[in-house]
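*Asks:* Sharing a structure with you now.
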Amino acid sequence: MRAVYPFGRPKGSITLRNMSDFLPHPFWNFSLELYAGEGVAEACLDLQERRGCDVNILLFCCWLGASGRSTLTAERLRVILKASDLWQAEIVRPLREVRKRLKDQPWIAALPETVDATRRRVADAELAAEHAEQLKLAALHAPPADRDRPLEKRLRTVVGNLGVYAVCLGVTPDDEDRRAVAALVSATFPEAAADEISTAVGLRSAPGTTISSG
């Protein structure tokens, strides 16, 4: 399974025409910028494929911490996941599967250009579904932001949120998971030192080394 569009499409593939259809929101804007960061797409895809993560939840955990909001509790996140899991299962994943089938299988009953046009329209619907999920997530949980909160505390909140998500998924993080999380944290806080991020996520690395997502 790939991460959902646009969080799995080539960078720069979203046109202004696409984006003008959507209500603006700080979480959505943050997600688009973060996902374009170095190693983020690969990290999200890795966590989705190996651990069954919802990319939107990963980005939500990062946004809450980066904006100075408090750490999620497992109880609160489970309530949020009930809503997002249902939307993913009933709307997003079916759209994703149709898009993939249109792309990966030959359809001799239709002209190639019409198949491609249909796939693009399904992808647009998938994008709209992702946007809808993000707005719902923000509506379910968006305590007051505090961007004056020290970077170290905001960074550790992001790591804490992602750790709570792992608990909700029943996942015991391994080093692959930690490297993926480090890539997300590094892109969220590009001003943070690599060794600080390594320590926060539980990776051992020499001071000053660059964190890699793979």
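Since every read-out is calculated from the coordinates, none of them should be taken as a lab result. What you see is a predicted model, and the numbers here were worked out from it, not measured in a lab. All Cβ positions, even for glycine, are placed from backbone atoms using ideal geometry, and neighbour counts span all protein chains on display.
*Asks:* With springs connecting C-alpha atoms under 10 Å apart, model the chain as a Gaussian network and identify which of 29, 161, 56 has the largest mean-square fluctuation.
*Replies:* Comparing 29, 161, 56 in a Gaussian network model of the chain, the most mobile one is 29.
*Asks:* Can you tell me how much longer the chain between residue 49 and residue 142 gets when fully stretched, taken as 0.36 nm per residue apart minus their C-alpha distance, in nm with one decimal? Please report the intermediate quantities before stating the final value.
*Replies:* Details: separation 93, 0.36 × 93 = 33.48 nm, distance 2.77 nm.
Roughly 30.7 nm would be gained on extension.
*Asks:* Could you calculate the contour length gain from residue 33 to residue 79, that is, 0.36 nm times the residue separation minus the distance between their Cα atoms, to one decimal place in nm? Mind dumping the intermediate values first?
*Replies:* Details: separation 46, 0.36 × 46 = 16.56 nm, distance 2.69 nm.
Stretched out fully, the residue 33 to residue 79 stretch lengthens by 13.9 nm.
*Asks:* How far, in degrees from 0 to 90, does helix 26-35 lean away from the longest principal axis of the Cα atoms of the chain, to the nearest 10?
*Replies:* Tilt of helix 26-35: around 90 degrees.
*Asks:* Also, I was wondering about something else. From the residues 23, 44, 62, which one has its Cα farthest along the dipole of the chain in the positive direction, the dipole being from +1 and -1 charges on Cβ of Lys/Arg and Asp/Glu about the Cα centre?
*Replies:* Ranked along the dipole, the leading option is 23.
*Asks:* Connecting C-alpha atoms closer than 10 Å in a GNM of the chain, tell me which of 200, 183, 142 has the biggest fluctuation.
*Replies:* Highest fluctuation among the options: 142.
*Asks:* Ok, one more. Hey, what angle do you get for helix 112-140 against the long axis of the chain, alpha-carbon based, 0 to 90 degrees rounded to 10?
*Replies:* Here the helix axis deviates by roughly 40 degrees.
*Asks:* Calculated from the structure, P(r) over Cα pairs in 10 Å bins from 0, in percent equals which of (1) 8, 34, 36, 16, 5, 1; (2) 7, 27, 29, 22, 11, 3, 1, 0; (3) 8, 32, 33, 13, 6, 4, 2, 0?
*Replies:* It is the one labelled (1).
*Asks:* Let me have the 222 nm mean residue ellipticity of the chain computed from DSSP H runs of 4+ only, each contributing -39500 (n - 2.57), with the sum over all residues rounded to the nearest 500. Let's see the in-between values first.
*Replies:* Details: 10 runs with 134 residues, N = 214.
Helix-only estimate at 222 nm: -20000 deg cm²/dmol.
*Asks:* On a 0 to 90 degree scale, rounded to 10, what angle separates helix 74-87 from the longest Cα axis of the chain?
*Replies:* With both axes taken from Cα atoms, the answer is about 10 degrees.
*Asks:* Which residue, chosen from 112, 201, 161, occupies the Cα position most advanced towards the positive end of the dipole of the chain, where the dipole is computed from +1 (Lys, Arg) and -1 (Asp, Glu) charges on Cβ about the Cα centre?
*Replies:* Farthest along the dipole direction, towards plus: 112.
*Asks:* Choose one answer from 99, 154, 204: the residue with the largest mean-square fluctuation in a GNM of the chain with alpha-carbon springs under 10 Å.
*Replies:* 204
*Asks:* At a Förster distance of 45 Å, what's the computed FRET efficiency of residue 153 paired with residue 111, Cβ-Cβ distance as r, to 0.05? Kindly include the intermediate steps, with their values, before the conclusion.
*Replies:* Details: r = 57 Å, r/R0 = 1.26.
For R0 = 45 Å, the calculated efficiency reads 0.20.
*Asks:* For the chain, what is the charge dipole size about the Cα centre, in debye to the nearest 20, if Lys and Arg each add +1 at the Cβ and Asp and Glu each add -1 at the Cβ? Intermediate results must be reported in sequence, preceding the final value.
*Replies:* Numbers: 28 positive and 28 negative charges, 74 e Å.
So the magnitude is around 360 debye.
*Asks:* Between residue 195 and residue 168, what is 0.36 nm times their sequence separation minus the Cα-Cα distance? Round to one decimal in nm.
*Replies:* Length difference between fully extended and current span is 7.0 nm.
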